[in-house]
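The next block holds one structure in the form of structure tokens; read it before the comments.
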Amino acid sequence: DQLSDKYGVKMHDLTSDYVNEQKDYYIQHSRWVSLGSEDVVCDPVPVKHINVKTVTLREAKSVEVTPFRFEATKDANVTGFLGWFDTTFRVD
């Protein structure tokens with residue numbers, strides 16, 4: 001475990017109550033901030049792709065567990081995560 005090796009923090013020791021409290025806090029306290037390219041420290045990683053011609057309501061409402069990895073392209077202190085959506089219109 002990287003946190004344990006580097007900082008001596010054993011994440012498995014945290015209780016589920018603590019984890020739920022943290023999730024609730026960050027969901028309730030997120031905010032809109034305009035960022036420039038100089039603020040971004042890694043390449044984009046898609047977490048959901050929707051084909052609006054074929055998607056079902058069930059598929060659109062859910063985000064399946066998607067393994068992903070962020071790889072920083074420069075040294076920086078990371079204090080948040082950026083999320084956005086993009087739309088492409090294609091004629092098949």
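The values are calculated or read from the model by the stated rules, or taken from the named source; none is laboratory data. As the structure is a computational prediction, the values presented were derived from the model and not from experiment. A quick note on method: Cβ atoms are made from the backbone with ideal geometry, for glycine too, and the neighbour counts reach across all protein chains shown. Each accessible area value is taken on the protein alone, full model and side chains, heavy atoms only, with ligands, DNA and RNA left out. Shrake-Rupley method; radii C 1.70, N 1.55, O 1.52, S 1.80 Å.
Mind listing whichever residues of the stretch 12-63 are farther than 16 Å from Phe85 by Cα, among the hydroxyl-bearing types (Ser, Thr, Tyr) and open to solvent by less than 70 Å² (accessible area, probe 1.4 Å)? Passing the criteria: only Thr56.
The requirement of being without any contact (Cβ under 8 Å) to a residue 40 or more places away in the chain, in contact with a Pro (Cβ under 9 Å, 6 or more places away or on another chain) and either in a loop (DSSP other than H, G, I, E, B) or surrounded by 10 or more Cβ atoms within 10 Å (Cβ to Cβ) (or both) is satisfied by Thr66.
Among the residues making up the stretch 63-79, a single one is of a type in the set (S, T, N, Q) and at pLDDT below 80: Thr66. Only residues that are at pLDDT 80 or above and assigned to a helix (DSSP H, G or I) were counted in the stretch 28-60, giving 7.
Pairing residues of the stretch 77-92 that are among the polar types (S, T, N, Q) with residues that are in a loop (DSSP other than H, G, I, E, B), at Cβ distances under 7 Å and at least 6 apart in sequence or on separate chains, gives no pairs at all.
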